[in-house]
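Since every read-out is calculated from the coordinates, none of them should be taken as a lab result. These numbers were taken from a predicted model, which means no experiment stands behind them. Glycine gets a Cβ as well: all are built from the backbone with ideal geometry, and neighbour counts include every protein chain shown.
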């Protein structure tokens, strides 16, 4: 698996890093009683055209990630370790060379979300969640 | 005398076996009924919450750019859940929206998982995973 950083390699994604995925609390995709995450939490959204969005924890805390979202009920944030993605053969890459905090899973996109491969990747990603933190308020839920 | 003893003994053994079989059958029957009852309770809980809650207010799922399932889709999910419930089938671990107007029932047994996916258009698919690998996917409606 390749882990692409920015064009100069200055922000190469390290194996020891953690990545965050926002889960709207209103969906039930995370069950805090059973500490269990639904594969639906990793279904690409309509704006995930270049790949499923994940954020590097070293650049954006789960609290900050939740704060910039628009969910009325706030967010849980699922944490996935880069090393676990590597072991599972899941490729990630930086989305925008000018934004080192944002990475994507290019094989999981809005346009292929119904394919077998996409459903399987969603299932795998849900199984790789190492921790879920929150819920944290969003800008909308604070109003 | 020895033959008579043997006959009695055989009869006795048969009675014991018959009694044990009846007892075992009753025991298994009671176990199955209890399991069926617990499945039924779990299904009914899922129908009450979240499905009927969603039906009362589908707008609650219009959040963060996601599309809420329509009342028609929620009613379809309730019908499916009631069918499973009446059949005594094991309940899913959860029912969730898919974010695109559909609803997903998620089942799990050890390392294996399955999902019954109702799309926004009402198509229903059953997808089976073994250790995260998709092994079967079929349209059921």
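Assuming 0.692 mPa s and 37 °C, estimate D for segment B:19-94 with Stokes-Einstein, Rh taken as the Kirkwood radius over Cα pairs, in µm²/s.
Numbers: Rh = 14.2 Å.
Rounded to a whole number, D works out at 231 µm²/s.
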C-alpha long axis of helix B:2-46 to longest principal axis of chain B, angle in °: 10 degrees
Mind checking the full-extension length gain between residue B:70 and residue B:138? Use 0.36 nm per residue of separation minus the Cα-Cα distance, one decimal, nm. 22.1 nm
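Of all DSSP beta bridges in the protein assembly as shown, what percent run antiparallel (nearest 5)? Each step should come with its number before you reach the end.
Numbers: 47 of 50 bridges.
The antiparallel fraction comes to roughly 95 percent.
Using the 2.2 N^0.38 Å rule of thumb for compact globular proteins, work out how chain B stacks up: its C-alpha Rg over that value, please. Show your work: numbers first, answer last.
Numbers: Rg = 23.6 Å, N = 141, 2.2 N^0.38 = 14.4 Å.
My calculation over the Cα atoms of chain B gives 1.64.
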Springs between alpha-carbon atoms under 10 Å, Gaussian network over chain B: tell me which of B:12, B:23, B:122 tops the mean-square fluctuations. B:12
Using alpha carbon coordinates only, what is the Rg to Rh ratio of segment A:53-109, with Rh defined as the Kirkwood radius? 0.98
Compute the distance in nm between two label points, each set 7 Å from the Cα along the Cα-to-Cβ direction, one at residue A:98 and one at residue A:14. 2.7 nm
In degrees from 0 to 90, rounded to the nearest 10, what is the angle of the helix B:71-87 Cα long axis to the longest principal axis of chain B? 0 degrees
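Starting from the Kirkwood Rh over alpha-carbon pairs, what translational D in µm² s⁻¹ does the protein assembly as shown have by Stokes-Einstein at 20 °C and 1.002 mPa s? Mind showing how you got there, number by number?
Details: Rh = 21.2 Å.
For these conditions, the coefficient is 101 µm²/s.
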√(5λ) per eigenvalue of the Cα gyration tensor, chain A, largest first, Å: 22, 18, 14
Take chain B, connect every pair of alpha-carbon atoms lying under 10 Å apart with a spring to form a Gaussian network, then pick out the residue of B:123, B:26, B:89 with the largest mean-square fluctuation. B:26
Computed from the mean reciprocal separation of all distinct C-alpha pairs, what Kirkwood hydrodynamic radius does segment B:67-141 have, in Å? 12.6 Å
